[in-house]
1. Checking the condition part of a helix (DSSP H, G or I) and either in contact (Cβ under 8 Å) with a residue 24 or more places away in the chain or surrounded by 13 or more Cβ atoms within 10 Å (Cβ to Cβ) (or both), which residue from 55, 74, 93 passes?
2. Yes or no: residue 88 in contact with a helix residue (DSSP H, G or I) (Cβ under 7 Å, 6 or more places away or on another chain), within 13 Å of residue 23 (Cα to Cα) and at pLDDT below 85?
3. Only one of (1) within 17 Å of residue 11 (Cα to Cα); (2) surrounded by 13 or more Cβ atoms within 10 Å (Cβ to Cβ) is not met by residue 21, so which one is it?
4. Is there a residue in the stretch 44-57 that is touching a helix residue (DSSP H, G or I) at 6+ places or on another chain (Cβ under 8 Å) and under 23 Å from residue 8 (Cβ atoms)?
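The values are calculated or read from the model by the stated rules, or taken from the named source; none is laboratory data. It should be emphasised that the depicted structure is a prediction, and the values quoted were computed from it without experimental measurement. Don't worry about glycine lacking a Cβ; one is built from the backbone with ideal geometry, like all the others, and counts go over all protein chains shown.
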């Protein structure tokens, strides 16, 4: 996914093949949350702070994981349950490792 403006979601060839229709909807709901205004700025500030101050490296990772959990939570609300989100993300992760990039 590309962050920033305009709010676009880039889909690879692996993503549509990995989960079923419910899973695709779950993945798109998760990705849509990341395109919300301000999400990429929040993550960029945390990353910059971690690079500028070595003591904040762990905080940068915590912020990234918090953003992922918020995206999961928002997608679960949109889809109507946490199980389809968890299943779709796990399948997408497995598919990603099955087709490694160069």
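1. 74
2. In short, yes.
3. Failing condition for residue 21: (2).
4. Scanning the stretch 44-57 turns up at least one residue that is touching a helix residue (DSSP H, G or I) at 6+ places or on another chain (Cβ under 8 Å) and under 23 Å from residue 8 (Cβ atoms).
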